[in-house]
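S.K.: Shown below is the structure under consideration.
The numbers here are math on the coordinates, done by the rules we state, and not lab data. Everything quoted here is computed from the prediction, not taken from an experiment. Here the Cβ is made from the backbone with ideal geometry for all residues, glycine too, and neighbour counts use every protein chain on show.
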Amino acid sequence: MTATLKTQAAETAEQHAAFEARIVRGEKIEPGDWMPAEYRRQLIRMISQHAHSEVVGMLPEGEWISRAPSLRRKLILMAKVQDEAGHGQYLYHAAETLGAAREELVDALLSGKAKYSSIFNYPTESWADVGMIGWLVDGAAIKNQTMLAGCSYGPYSRAMVRICSEETFHHKQGKEMIVQYAQGTPEQRALAQDALTRWWWPSVMMLGPHDKDSTNSGVMSNWGIKTKSNDQVRQEYLNEHVPELLELGLTLPDADLHQDADGNWIHGPINWDEFWAVVKGQMGLNKERLATRNAAHDDGAWVREAMLAYGERQRAQAAD
Amino acid sequence: MTDLTSEQTQALILRLTVLADDELLLSHRDAEWTGHAPILEEDIALANIAQDELGHAMGWLDLRKTLDGSDPDGLAFRRGPDEFRNSALTELPKGDWAFTMVRQYLFDAYEALWQDAAKASTHTPLAQAAALALREERFHLQHTAAWVERLALGTPESERRTRAALQAVWPYALGLFEPLEGEQAGIEAGLLPDPTQIKARWLPLVTAHLTRCGLTPPGAEPVARGTHTEHLALLLAEFQGVNRQYAEMTAW
């Protein structure tokens with residue numbers, strides 16, 4: 001990764017102009033193509049963060065596979081969490097096409113150096129959280145990922161297309177669960193409402209800081225990595241989800257929520273102190289999530305060593 | 001499909017329950033690795049196996065439902081440990097990766113052979129379900145056989161762990177083939193495979209693979225079916241907890 005960046009240290013204005021012209025023409029940039037080092041750096045940062053989010057994202061819901069209250073829900077949840085692992089895997093591969101090594105990326109996660117979506121630092125307190133995460137968190141993720149499916153880097157864009165189709169299933173199963181509970185027994189309804197109260201703001205925040213406070217947004221949009229701003233994506237998310245939640249008779253924990261003259265749903269002030277505290281690990285389960293990932297990694301060390309040793313042995317035998 | 005005598009129906013119900021309970025619990029144990037596997041590829045692969053096993057369990061319970069009208073979720077979530085008919089093999093904690101893989105390998109070999117034999121069942125729905133499940137089971141067997149080999153022929157540590165796993169699991173695996181009281185009527189009518197014949201195919205199959213991997217099956221007596229360990233009650237407390245907490249809810 002470092003070697004690649006060094007060889008591209010001398011970037012000419014012509015190279016930049018040609019590259020930006022390709023972006024303007026809507027062409028996809030492919031792994032072997034010339035690209036500015038900063039474009040590569042931003043993509044590796046973003047794709048690996050995304051991969052880490054999928055991997056850490058297995059934990060809060062995975063906790064409930066063992067307790068799912070029906071066989072059908074258990075099967076669905078297993079499939080869902082398995083999908084997250086799959087997403088992590090092909091996002092790491094997409095980052096590898098830029099010259100990053102998976103081991104280095106994983107090490108950065110395990111050491112706490114790399115970030116992942118802070119939504120996964122919130123605890124899952126009840127079974128209904130599984131449904132609410134599917135509906136709200138995956139719903140917000142789909143909005144973001146649909147935008148990224150149109151991004152300028154080919155492998156990332158194609159990974160997003162595939163991920164979005166699976167996320168759509170996650171979104172549907174979550175919504176189906178919450179709709180059923182909201183219309184179910186008083187206890188089920190209370191479970192759904194409690195989950196909504198706790199997950200609403202985190203899901204609104206997970207689409208990132210307001211445009212005016214977003215540090216990376218300028219260069220990302222010029223190079224066609226992000227084709228919409230955080231606030232635009234957030235608006236799409238609200239406009240889709242608010243009416244559906246209200247229709248179920250559920251209460252959103254935002255007294256200022258209202259519709260403007262254009263029909264857009266406008267949220268009240270976001271508690272960004274909470275957002276940043278969770279991102280920085282001062283609030284929520286950041287330490288616990290990383291400890292769990294580290295434990296799995298450490299416990300698996302002897303297995304990975306065995307795989308390598310077995311591979312060596314096979315190669316040595318083949319050479320004889 | 002022939003008309004079943006009451007004895008034959010009972011034999012079928014018994015075997016279907018045994019199959020379902022084994023796969024239900026094994027699936028549950030395997031899924032405990034999801035998010036915690038040694039490599040990301042195994043988070044995916046083992047979660048796949050766990051889903052297949054759960055899918056099979058649901059299939060067996062659906063078949064049972066056609067015979068006695070029982071509710072699959074009711075059986076899974078509202079029976080106590082004394083009512084579960086699984087082999088103790090499947091309730092043991094997941095252990096380390098070697099334990100999980102050795103157990104899964106020995107079980108997969110048993111299951112694939114049982115399903116292969118059950119394709120000839122005179123109870124057509126069972127024959128069809130077995131043929132369907134067998135396709136998936138062959139993949140499991142391939143996958144877990146490869147892992148047993150990798151671990152047994154990997155490093156001294158992985159070899160030691162694999163030997164220890166085999167030592168611990170073997171008597172329980174033998175217990176899979178113990179005759180079930182009440183199954184004989186189903187075997188005689190050609191509805192169900194004879195477990196002793198399955199064992200006669202299983203033993204040379206797994207012994208050959210283990211030997212290739214430098215492992216020797218220990219000499220041990222089978223742990224009889226119907227014997228449960230203390231782990232089952234704990235497993236069910238977790239498995240059934242949410243469902244039982246909201247006892248009046250029927251739709252989840």
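S.K.: Quick one: which residues, 5+ away or cross-chain, put their amide H under 5 Å from the amide H of residue A:266? H built at 1.01 Å from N.
M.R.: Under 5 Å from the amide H of residue A:266: A:258, A:259, A:260.
S.K.: Here is a follow-up. Using Cα springs under 10 Å in a Gaussian network model of chain B, which residue among B:163, B:212, B:138 shows the largest mean-square fluctuation?
M.R.: Top of the fluctuation ranking is B:212.
S.K.: Once you mark the GluC sites (Glu not before Pro) that are in a DSSP loop and have at most 13 other Cβ atoms within 10 Å, what is the longest gap between them in chain B?
M.R.: On the way: sites that count: B:181, B:230, B:248.
Longest site-free region, per DSSP loop and neighbour criteria: B:1-180.
S.K.: Need one value for A:285-296: mean number of C-beta atoms belonging to other chains within 10 Å of its residues' C-beta atoms.
M.R.: Taking the mean over all residues of the peptide, I get 1.
S.K.: Search the structure for amide H atoms under 5 Å from the amide H of residue A:29, placed 1.01 Å from N in the peptide plane, and list their residues when 5 or more places away or on another chain.
M.R.: Those qualifying (amide H under 5 Å, at least 5 residues apart or on another chain) are A:153, A:154.
S.K.: If Lys and Arg each add +1 and Asp and Glu each add -1, what is the summed charge of the other residues whose beta carbon sits under 14 Å from the beta carbon of residue B:11?
M.R.: Details: positive: B:15, B:64, B:85; negative: B:7, B:68, B:181, B:183, B:188, B:194.
That works out to -3.
S.K.: Tell me, what ³J(HN,Hα) does each residue in the stretch A:34-40 have, in order and in whole Hz, if you take phi through Karplus 6.51 cos²θ - 1.76 cosθ + 1.60 with θ = phi - 60° and put x for Gly and Pro?
M.R.: For the stretch A:34-40, the Karplus curve yields 5, 8, x, 4, 5, 4, 4 Hz.
S.K.: Still on this structure, I have one more. When chain A is modelled as a GNM with alpha-carbon springs shorter than 10 Å, which of A:60, A:69, A:123 fluctuates the most?
M.R.: Fluctuation is largest for A:69.
S.K.: List, in the order given, every pair from A:226/A:287; A:80/A:287; A:74/A:226; A:115/A:226; A:28/A:80; A:175/A:228 whose Cα-Cα distance in the structure shown is over 27 Å.
M.R.: Details: A:226/A:287 30 Å; A:80/A:287 24 Å; A:74/A:226 36 Å; A:115/A:226 18 Å; A:28/A:80 30 Å; A:175/A:228 25 Å.
Among A:226/A:287; A:80/A:287; A:74/A:226; A:115/A:226; A:28/A:80; A:175/A:228, the Cα-Cα distance tops 27 Å for A:226/A:287; A:74/A:226; A:28/A:80.
S.K.: Quote the Stokes-Einstein diffusion coefficient, in whole µm² s⁻¹, for the stretch B:202-252, based on the Kirkwood radius over alpha carbon pairs, a temperature of 4 °C and a viscosity of 1.567 mPa s. Walk me through the numbers before you get to the answer.
M.R.: Working: Rh = 15.1 Å.
For the chosen part, D equals 86 µm²/s.
S.K.: What relative contact order, as a whole-number percentage, does the stretch A:2-283 give when Cα pairs under 8 Å and 6 or more residues apart are counted? Please list the in-between numbers first.
M.R.: Details: 321 pairs, mean separation 50.1, N = 282.
Taking the mean separation of contacting Cα pairs over the length of the stretch A:2-283, I get 18 percent.
S.K.: Output ³J(HN,Hα) for the stretch B:114-129: one whole-Hz value per residue in order, computed from phi by the Karplus curve 6.51 cos²θ - 1.76 cosθ + 1.60 with θ = phi - 60°, and x for Gly and Pro.
M.R.: 4, 5, 4, 5, 6, 4, 8, 4, 7, 8, 3, x, 5, 4, 5, 5
S.K.: Could I ask something else about it? Evaluate chain B: find the radius of gyration of its Cα atoms, find its Kirkwood radius, and give the ratio Rg to Rh.
M.R.: On the way: Rg = 17.9 Å, Rh = 18.6 Å.
Taking Rh as the inverse mean 1/r over Cα pairs, Rg/Rh reads 0.96.
S.K.: Next up: For the stretch B:144-252, what is the Kirkwood hydrodynamic radius in Å, using each pair of distinct C-alpha atoms?
M.R.: Numbers: mean 1/r = 0.0583 Å⁻¹.
With all distinct Cα pairs of the stretch B:144-252 included, I get 17.2 Å.
S.K.: Right, another one. What are the ³J(HN,Hα) values, in whole Hz, obtained from phi via the Karplus relation 6.51 cos²θ - 1.76 cosθ + 1.60 with θ = phi - 60°, for each residue of the stretch A:115-132 in sequence order, with x given for Gly and Pro?
M.R.: Karplus values, whole Hz, x for Gly and Pro: 9, 9, 4, 6, 4, 7, 8, 7, x, 9, 8, 9, 4, 5, 4, 4, x, 5.
S.K.: Name the shape class, rounded, prolate or oblate, that the alpha-carbon gyration tensor gives for chain A, where a ≥ b ≥ c are the square roots of its eigenvalues, rounded holds for a/c under 1.5, and otherwise prolate holds if a/b is larger than b/c and oblate otherwise.
M.R.: Working: a/c = 2.07, a/b = 1.25, b/c = 1.65.
Judged from the Cα gyration tensor, chain A comes out oblate (a/c at least 1.5, b/c at or above a/b).
S.K.: Counting only other residues whose beta carbon sits under 12 Å from that of residue B:114, what net charge do I get with K and R as +1, D and E as -1? All intermediate terms of the calculation are to be shown ahead of the outcome.
M.R.: Numbers: positive: B:15, B:119, B:199, B:201; negative: B:22, B:23, B:108, B:111, B:116, B:137, B:194.
That works out to -3.
S.K.: In what order do B:140, B:28, B:36 fall by count of nearby beta-carbon atoms within 10 Å, going from fewest to most?
M.R.: On the way: B:140 22, B:28 26, B:36 19.
Final ranking by Cβ density, sparse to dense: B:36, B:140, B:28.
S.K.: Let me ask you something else. Note the direction-averaged projected area, equal to a quarter of the hull surface, for the Cα convex hull of the protein assembly as shown, in nm².
M.R.: That works out to 30.6 nm².
S.K.: Something else about it: Around residue A:210, what is the net charge, scoring Lys/Arg as +1 and Asp/Glu as -1 over all other residues with Cβ under 9 Å from its Cβ? Walk me through the numbers before you get to the answer.
M.R.: Working: positive: A:212, A:234; negative: A:211, A:213, A:231.
Once positives and negatives cancel, what remains is -1.
S.K.: Moving on. Let me have the relative contact order for the stretch A:200-296, percent, based on Cα pairs under 8 Å that are six or more residues apart. Intermediate values should be presented prior to the final figure.
M.R.: Values: 62 pairs, mean separation 22.2, N = 97.
Value for the stretch A:200-296: 23 percent.
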